[in-house]
1. Got at least one residue in the stretch A:335-346 being within 27 Å of A:Glu126 (Cα to Cα), within 14 Å of another protein chain (Cβ to nearest Cβ), under 21 Å from the mean Cα position of the chain (by Cα) and at pLDDT below 95?
2. Restricting the stretch A:300-336 to residues that are in a strand (DSSP E or B) and in contact with a helix residue (DSSP H, G or I) (Cβ under 7 Å, 6 or more places away or on another chain), which is farthest from A:Thr168 (Cα to Cα)?
3. Kindly indicate the residue of the stretch A:255-302 that is within 14 Å of chain B (Cβ to nearest Cβ) and among the hydroxyl-bearing types (Ser, Thr, Tyr) and also nearest to the chain's Cα centre (by Cα) among those meeting that condition.
4. Quick one: which residue in A:Glu126, A:Glu190 is of a type in the set (D, E, K, R) and touching a strand residue (DSSP E or B) at 6+ places or on another chain (Cβ under 9 Å)?
5. Considering A:Arg154, A:Arg139, which residue is surrounded by fewer than 18 Cβ atoms within 10 Å (Cβ to Cβ) and under 17 Å from the mean Cα position of the chain (by Cα)?
6. Counting only residues that are assigned to a strand (DSSP E or B) and either more than 12 Å from chain B (Cβ to nearest Cβ) or under 27 Å from A:Pro304 (Cα atoms) (or both), how many does the stretch A:348-404 have?
7. Just one of A:Asn148, A:Asn114 is out of contact with any strand residue (DSSP E or B) (no Cβ under 6 Å at 6 or more places or on another chain), farther than 22 Å from A:Arg257 by Cα and either surrounded by fewer than 18 Cβ atoms within 10 Å (Cβ to Cβ) or among the β-branched types (Val, Ile, Thr) (or both); which is it?
Amino acid sequence: MVDVAFRGELGHPSWLAGGEGAVQVSTNGHRQAARRIAYPARYSALGLLRRGLTHANWPPAWRAHPLKGSYDVVIVGGGVHGLAAAYYLAANHGITDVAVLEKGYLGSGGSGRNTAILRSNYLTPEGVRFYDRSIQLYRRLAADLDFNVMFSQRGHLTLAHSDSSLRTMRWRAEVNKAQGVDSEVIGPAEIKRLAPFLDVSADARYPVLGALWHPPGGIIRHDAVVWGYARGADALGVHLHQNTEVTGIDVAEGRVRGVRTSRGDIATRVVLNATAGWSSLISGMAGVAMPVQTFPLQAAVTEPVKPFLSTVIVSGTLHVYISQTDRGELVFGASVDPFTSYSMRGSLEFIEGLAGHVLELMPALTKVRVVRQWAGLCDMTPDFSPVMGHTPVDGFLVDVGWGTYGFKAGPVSGEAMAQCIASGQAPEIIAAFGLERFTEGLLVGEKGAAAVGH
Amino acid sequence: MILLPCVWCGPRDASEFQHVGETNARPDPAAATPVQWRGYLYLRGNPCGWTTETWYHRMGCRRYFKAERHTETNEVRAVYPGGRR
């Protein structure tokens, strides 16, 4: 078993002792040399044709393993954050004795319930840099993982219906430009050109005064991201344990000793909590109080219609965001429910309000039918920024507080948390998001860019 | 959504109310350390199960009350008068 470094204990973990070549992350976080992954089968057009003709079965994308008694690193939560952290631990740092524990099936939480919108047009420089790194990783994710994640950078419009929100858009555009992120404020005529079905007339209930136009934004297939990371992590030796619920975390003398699960106990010295809506329950097991409250967030999807909407449309005033998938369905999302809950039941009230708001924006959709609605759990923080890095319990790390914006941050969070675990220090890109900011009063206020607009 | 039994008005749709949420004891501002004060501001129990929380009947009697609600099933087992804090 490899010794894992803790803050204040070892200067460097032993797997860094092999020299410079052991670390494949440069100071700016870019991977220098990706490890060639030994997949059971690489996916290709030729392979698809061959299997189609011969009706051969695909090998499973990842394997099931018996639960070992000990792991170097245990990651709680088999969503995009947990799986990405496992993947980058193995791919960038060579740490492969890793278990990912998931109480349901992989991607059964927020990773499979979000509206799959990606963007980096945030309000604070810390936020913009962070989410922009995620977009960069998403752009080459399909090639990295040999898995089609269907990333479509179709552009993202955040509508402004009031002078004050237009001011916030200008502010965001300037912060974005200063960080090298493509964003600009455009007027109704330009909006109409980008989204012809949008009602930009002056007599609308909430007239559209302008919009923040963010060309790098877009949508992706969220299940494919989860499966791609799972397959990549599995091929590198990570153990993925589904239907394995964490029931307790053993802490002695301020340090993590192990994890208890519904399938047996695991001895480990590093635990990463990547459980989104359930994060305060897992942190509570380690005795770490969290500044989060869990709210359900509902979303809905319509029957497929002809492609007519080529951008992502967001309206903070109307609490709605709309995109059209490659299959033609319209995906709608909203703001969180008005009270805390761990319930994932949908409500009629939500769908009524949502439909009304969608029709305010696109009156032509009156006959389109909603076929499905669902809810996911969001762990909201007071400043709408995540909580990442070390905690007062040695060996217990968090990647939580992901509220309504966690999916788009999956790759960069996984990369940063992997680096955090491997080096024992929070990398610069997440330094602003530490748990200690709440006791030091150094909040990273993102409400203006994260509260509704996704 | 859910029906919430207001202490004074009886069962009403939850959309009539404002969820004030979990309230924790306010430390003495003069004596509290910054860490204690920020803990009071930001840290929450956020339990999955029974919780006691404050609601405000915004579109009804406009009074505050306490409710014992199960956060996973949204069942309410008790309501009683109670101030904002």
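1. There is at least one residue in the stretch A:335-346 that is within 27 Å of A:Glu126 (Cα to Cα), within 14 Å of another protein chain (Cβ to nearest Cβ), under 21 Å from the mean Cα position of the chain (by Cα) and at pLDDT below 95.
2. A:Ala300
3. A:Thr275
4. A:Glu190
5. A:Arg139
6. 16
7. A:Asn148
The values are calculated or read from the model by the stated rules, or taken from the named source; none is laboratory data. All of these numbers come straight from a predicted model, not from anything done at the bench. As a convention, Cβ positions derive from the backbone with ideal geometry for all residues, glycine included, and neighbour counts pool all protein chains shown.
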